[in-house]
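Visitor: Can you read through this structure? Questions will come right after.
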Amino acid sequence: MIRIALLSDTHNHLDPKIFKYLNEVDQIWHAGDIGTVSICDELKKIKPLTAVYGNIDGQDIRKEYPKIQRFMCEGVDVLITHIGGYPGRYIPEVEALIKNNPPKLFICGHSHILKVIYDKKYHLLHINPGAAGIYGFHKIKTLTRFTIDGAVIKDLEVIEMGPK
């Protein structure tokens, strides 16, 4: 059983409130628009970090983190990228990946809009954790936490950290 904190779109800002939520997990996943490597360094001090780069991330982050991560966590096939769309409106690159080999969990960021949607067509759970940073049009900083227990995704929490 693995407890995950999922965040995105920090844009080089880690709200001090975030740390109490990160200390209670086993891993941190970041769905891009990190900002700088120093954000990654701070997160890695807390828990192991899995991340992808986003459209605002520079070469320093792109050298360390890929555009797409595909991996198994417990018994769950996970696909993470920054710009991906959502069920019924995936970007073509993501649609091709999902259509040919659907993951059980698809994660993206970019929109700054928190969404949790079950995709009935591809039988996968889509999560966009919203934005944890202070830049962008969102009004509330958010992240999600959940547990992967074998092949089951459970105990999903939406965490609001207040206004940006």
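Visitor: Out of (1) open to solvent by 10 Å² or more (accessible area, probe 1.4 Å); (2) part of a loop (DSSP other than H, G, I, E, B); (3) in contact with a strand residue (DSSP E or B) (Cβ under 9 Å, 6 or more places away or on another chain), the odd one out for residue 136 is which?
Guide: (3)
Visitor: So residue 113 fits all but one of (1) of a type outside the set (Ser, Thr, Tyr); (2) in contact (Cβ under 8 Å) with a residue 40 or more places away in the chain; (3) under 25 Å from residue 16 (Cβ atoms); what number is the exception?
Guide: Status for residue 113: all satisfied but (2).
Visitor: Assess whether residue 141 counts as being open to solvent by less than 20 Å² (accessible area, probe 1.4 Å), of a type outside the set (Gly, Ala, Ser) and within 20 Å of residue 54 (Cβ to Cβ). So that I can check it myself, show each step before the final result.
Guide: Numbers: open to solvent by less than 20 Å² (accessible area, probe 1.4 Å): yes; of a type outside the set (Gly, Ala, Ser): yes; within 20 Å of residue 54 (Cβ to Cβ): yes.
Judged against the criteria, residue 141 is a match.
Visitor: I'm trying to understand the selection: among the residues of segment 139-162, which are farther than 21 Å from residue 26 by Cβ and either in contact (Cβ under 8 Å) with a residue 40 or more places away in the chain or among the charged types (D, E, K, R) (or both)?
Guide: Initial filter on segment 139-162 (farther than 21 Å from residue 26 by Cβ): 139-141, 160, 162.
Selection gives 139, 141, 160, 162.
Visitor: Name the pairs: first residue in segment 78-93 and within 12 Å of residue 106 (Cβ to Cβ), second residue hydroxyl-bearing (Ser, Thr, Tyr) and open to solvent by 10 Å² or more (accessible area, probe 1.4 Å), Cβ to Cβ under 7 Å, at least 6 apart or on different chains?
Guide: Within 7 Å, the pairs are 84/90.
Visitor: Pairs only if they're at least six apart or on different chains, beta carbon under 8 angstrom, first in segment 16-33 and modelled with pLDDT of 95 or more, second of a type in the set (Phe, Trp, Tyr); list them, first residue then second.
Guide: From residues that are modelled with pLDDT of 95 or more, the pairs are 32/53.
Visitor: Now a separate question. Are any of the residues in segment 75-89 within 23 Å of residue 126 (Cβ to Cβ), aliphatic (A, V, I, L, M) and either open to solvent by 50 Å² or more (accessible area, probe 1.4 Å) or modelled with pLDDT under 95 (or both)? Spell out the reasoning first.
Guide: To start, the set of residues in segment 75-89 that are within 23 Å of residue 126 (Cβ to Cβ) comprises 75-89.
Subset that is aliphatic (A, V, I, L, M): 76, 78-80, 83.
Still in the list and also either open to solvent by 50 Å² or more (accessible area, probe 1.4 Å) or modelled with pLDDT under 95 (or both): 83.
Checking segment 75-89: at least one residue is within 23 Å of residue 126 (Cβ to Cβ), aliphatic (A, V, I, L, M) and either open to solvent by 50 Å² or more (accessible area, probe 1.4 Å) or modelled with pLDDT under 95 (or both).
Visitor: Say whether the condition of being among the acidic types (Asp, Glu) and open to solvent by less than 70 Å² (accessible area, probe 1.4 Å) is met by at least one residue in segment 60-74.
Guide: The answer is no; no qualifying residue exists.
The values are calculated or read from the model by the stated rules, or taken from the named source; none is laboratory data. Keep in mind it's a predicted model, so treat the numbers as computed, not measured. Cβ sites come from the backbone with ideal geometry, for glycine too, and all protein chains shown count toward neighbours. For the accessible areas, the whole protein counts, side chains as well, though only heavy atoms, and no ligand, DNA or RNA atoms are used. Shrake-Rupley method; radii C 1.70, N 1.55, O 1.52, S 1.80 Å.
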